[in-house]
Every structure is written in C-alpha cells, then in structure tokens.
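The values are calculated or read from the model by the stated rules, or taken from the named source; none is laboratory data. Keep in mind the model is a prediction, meaning the values are calculated, not measured. Here Cβ is always computed from backbone atoms with ideal geometry, including for glycine, and neighbour counts include all displayed protein chains. We work out accessible area using only protein heavy atoms, side chains counted, and drop any ligands, DNA or RNA first. Shrake-Rupley method; radii C 1.70, N 1.55, O 1.52, S 1.80 Å.
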Amino acid sequence: MAKIVGVDKGSIADEIHLKAGDEVIAFDGYPVEDILDYIFYDAKENFTMTVISDGDVSTVEIDKDPDESLGITFGCDMELEPKRCKNKCMFCFVDQLPKGMRDTLYVKDDDYRCSFALGNYVTLTNVTDKDLERIVRLGLSPLYVSVHAYDKEVKRELISNPEGAKLFDKIDYLVKNGIKLHTQIVMCKGINDGEVLTETLSMLEKYYPSVESVAIVPVGLTKHRDGLKPLSPIDKKTAEETISAVEKLNEKYVANGGFAFCSDEFYIKAARELPKTEYYGDFSQIENGVGLVRQFIDDIDYALEEAKPSYSKKTVYSVTGQSFKDILRRESKKFTTKFPNLDFQVMDIVNEFFGESITVAGLITGGDIVKQLRGKVSGDMIVPSTMLREFTDTFLDGVKVADIERELGVKIHISHGGEDVVRIISEVLR
C-alpha cells in the first residue's frame, strides 16, 4: 500500500477529497507495489484508483488529460528499494573489492525497476512471471540486460545460477510484448569469447531492432581475488579478434545507428584507431564506455573552435588513468591553437588500490592520487567526474576533493568531458 503524505491544492486528488494519511492500494485493480505504478497511471487518461480513507475502502474512476497530474505525494514506502542479486558471477566486481570500504559499495542489486529508472544492467534471474507481466503492463522500456552468453552451460558457469539459462525465454517474451532492450556482454577470456561470443551476438541479432544494442566490455580484474576463480585479462590478440568480429557484424547496421559495439577499452588494448562519430549512432551505450573517448575528442574539437584565445602562461595538471593517458596527451597538443603558453601536464595514476590491471580513470582513488602526486603538483588540477561518486565530491576510497586539495596544495576543477576541460582551461587562464 502507498500512504499519502501530501496532496496538491486544487489537484484531482484534492477534488476527490484525498488527504494525508489515506492510502492508495490499487490502480485498475492491480495492487500498488512502488512509485512506478503511480508514475504510469498518473500519465494515463482513464483508470480506477482504490483507496483507504478513514478506514473505508472505495474505488474511484479517474478521467483526466494525460498531462494532468493526480497531485499526490507519497511517503518513503513507495521508494525503490533495490532487489538483491542472486547470482555468483565469476567476474563480479563487488566480490573483488577490498575490505573496509563504505557499506553501500558491497550491495549487489539486480532490480528490473532500477534498470528502467536508472539504466542499471540486470540479469533478470530474479524476475518472476508476475514481474514480466508487470514490466509489459507498465511499459517499462527500455530495459538494460546483462546477457554474457547464449550457451546455457557457459552461462551457468559464468553466473552460477541455473535461472540464467532461461534468459532468452524472458527476452523473447519481453520483445514480443513491445519492450525494447539494450544488452551487454562482459567478456572473460577463454570462456565467452570467440565462437561463444559469435553465437551470442547471432542470437541477439535475431531480436533486432527490439534488442536495440549490445555492448561487449572486457572483464575488470582487481588484485583482490583471493578464493575466486582465476581469470585472465583480455589481451591484445583477443581484443583485435573481438573488434574484427563485432565490426563485421555491425557493418549492416551503421546506417541505422549501429547494433553491436566494443567498448573503448578493446580499441585501446588492441592499439586500434577508434571508429568515427557516426559509427556510434546516438551513443546509446556510452555509460558502458562505448564511444566515450570519441565523444571526448569531438567535444574538445568543438570547444576549441568556440574558445577565445588566451596567451596567459600557466600550468594546469590533469589526472587520468593508464588507459587514457596517451589519448589525453595526444589531444592536449591541440590546446596550443588557442592557448600557446599553456603548460598542460597529464598526471597518469597507477591504480595501486585495486591493482595495476585496473587502468580506467573511473576507478582511480583519492588515496592513490595523493600518494603519487605529493610534491609534484601545485595550482590548478583537473579531475574527471567519473572518479567521484555520482552527485558527490567523494572518491571510491572515501577521500574527498577537499582532502586532496589540502594534502597537495591544489585547486581541483571537476570536468564532465572534453568541453569542460577546455572551459576550465579558459577560466584558469582568464
């Protein structure tokens, strides 16, 4: 049930005399589970709403414009409390975290509602037939689904949950009922690469365009894998083979925005040039690291065209991980066109916290930055927002931006991409 904590004055809810303390128990006869029910029906024109008011149960017929809200505010019982993951994936990053980090980092969520609302990838192993019906009824589309492998035995090996073998039955049901999907494959060398990958892509392709995209990302391996199945990182040869297979498949879809994509890490590992902008379509998989580098490069080019020249002489430091350092150094040479006296220093950090095999900037910790840059920097320093917990100023290890500023004697500027980097430089040189 959903307890009302507030009603907008003059709203439909106010007109039918709902008030704080009343409870909504059903829409169109379906029991209310969470806020998604309200969001769905609040956008409809005609439906019934069953409420409990002063102990009495009544059902009211609602007839309204689709853009007119009921005007109800609910309490915290309607919030999405993520469902927990029931898998034991051999590549799970949470299992590879060191001890002593904040508790929320160890929470394994696998919730179709968060997939729809936040773009989180889910395996659908804990989804019931009732859940599938609700997804279709509420039109929770698109969803973001982790596939990993079509082969049922490989899938069981990867996630240690026999329910995973039923994934394509669930995908079949969803797409036949109008639900769009974005999918991903976390590649583990020698397990779901090669022919297994080719088969998986072939099966997903059959659902195109309902399955709108698939991203292949390399497994991330930290140094904290005691007791876990030994896995090997994706090497140059595997990266090259994977790129070739995926790009060949994708050739016939590029004109429509693409279908299958390798994450940027594959191109970096293979020392291959990144595809052009048009290859990525609407960048639907950018949160998976697909096209992130290309977008960064494009944003720098655009921002430099618009930037006003500055001839001030100053040093600006920019922090990044090992995988992006060469790209950032190459792109930073373009800065001389507008900022000829700028000394732009790329400070690449080795990931000692998670292990040197983790090379992406987003997993760099504040502690590693302080340890490796002490005595080497001063003044202005750029840090990408991917290093920080979303909507906060805190790194994965709990170190805050202010802590680094104090320890290193720097002024930190947070960038949200290439355009931001140029903007920050312009402001510093002003």
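With the requirement that a residue be in a loop (DSSP other than H, G, I, E, B) and either in contact with a strand residue (DSSP E or B) (Cβ under 8 Å, 6 or more places away or on another chain) or surrounded by fewer than 15 Cβ atoms within 10 Å (Cβ to Cβ) (or both), what does region 100-125 give you? Selection gives Gly100, Met101, Arg102, Val107, Lys108, Asp110, Asp111, Gly119, Asn120, Tyr121, Thr123, Leu124.
Name the one entry in Ser378, Ser385, Ser323 that is more than 23 Å from Leu274 (Cα to Cα) and either among the polar types (S, T, N, Q) or in contact with a Leu (Cβ under 6 Å, 6 or more places away or on another chain) (or both).
Just a single option satisfies the conditions, and that option is Ser378.
Of the residues making up region 136-172, those that are farther than 21 Å from Leu201 by Cβ and in contact (Cβ under 8 Å) with a residue 12 or more places away in the chain are Val136, Arg137, Leu138, Gly139, Leu140, Ser141, Ser160, Asn161, Glu163. Scan region 271-283 for residues that are part of a loop (DSSP other than H, G, I, E, B) and over 20 Å from the mean Cα position of the chain (by Cα) and the total you get is 6.
Sub-9 Å Cβ pairs linking a first residue in region 31-48 that is within 12 Å of Ala2 (Cα to Cα) and charged (D, E, K, R) to a second residue that is at pLDDT 95 or above and open to solvent by 20 Å² or more (accessible area, probe 1.4 Å), at least 6 apart or interchain, are Glu33/Arg113; Asp34/Arg113; Asp37/Tyr30; Asp37/Pro31, ordered by first then second residue. The residues in region 189-231 that are among the polar types (S, T, N, Q) and within 21 Å of the chain's Cα centre (by Cα) can be counted, and the count is 3.
When each of Gly355, Gly398 is tested for being assigned to a loop (DSSP other than H, G, I, E, B), touching a residue at least 60 places away in the same chain (Cβ under 8 Å), small (Gly, Ala, Ser) and open to solvent by less than 20 Å² (accessible area, probe 1.4 Å), the lone residue that passes is Gly355.
Scanning region 405-427 for residues that are open to solvent by 20 Å² or more (accessible area, probe 1.4 Å), part of a helix (DSSP H, G or I), closer than 24 Å to Thr336 by Cβ and not basic (Lys, Arg) turns up Glu419, Asp420, Ser426, Glu427. For residues that are touching a helix residue (DSSP H, G or I) at 6+ places or on another chain (Cβ under 8 Å) and open to solvent by 50 Å² or more (accessible area, probe 1.4 Å), tally how many sit in region 36-65. Within region 36-65, residues that are touching a helix residue (DSSP H, G or I) at 6+ places or on another chain (Cβ under 8 Å) and open to solvent by 50 Å² or more (accessible area, probe 1.4 Å) number 1. Within region 284-340, if we keep just the residues that are farther than 30 Å from Gln184 by Cα, part of a helix (DSSP H, G or I) and among the polar types (S, T, N, Q), the residue that is least open to solvent (accessible area, probe 1.4 Å) turns out to be Ser332. Does Glu133 meet the test of being farther than 21 Å from Gly220 by Cα, open to solvent by 40 Å² or more (accessible area, probe 1.4 Å) and part of a helix (DSSP H, G or I)? Against the criterion (farther than 21 Å from Gly220 by Cα, open to solvent by 40 Å² or more (accessible area, probe 1.4 Å) and part of a helix (DSSP H, G or I)), Glu133 qualifies.
Residue count for region 318-343 satisfying the condition of being in contact (Cβ under 8 Å) with a residue 60 or more places away in the chain and within 30 Å of Lys236 (Cα to Cα): 4. Does any residue of region 249-257 turn out to be under 22 Å from the mean Cα position of the chain (by Cα), on the phi > 0 side of the Ramachandran plot and at pLDDT below 95? Yes, there is a match, as at least one residue in region 249-257 is under 22 Å from the mean Cα position of the chain (by Cα), on the phi > 0 side of the Ramachandran plot and at pLDDT below 95.
For the subset of region 252-270 comprising residues that are part of a loop (DSSP other than H, G, I, E, B) and open to solvent by less than 80 Å² (accessible area, probe 1.4 Å), which member is nearest to Ser210 (Cα to Cα)? Ranking the candidates gives Phe259 first. Each residue in region 341-352 was checked for being under 18 Å from Lys223 (Cα atoms), open to solvent by less than 40 Å² (accessible area, probe 1.4 Å) and β-branched (Val, Ile, Thr), and 1 of them qualify. Taking region 358-371 as the range and being open to solvent by 50 Å² or more (accessible area, probe 1.4 Å) and outside any helix (DSSP H, G or I) as the test, no residue passes.
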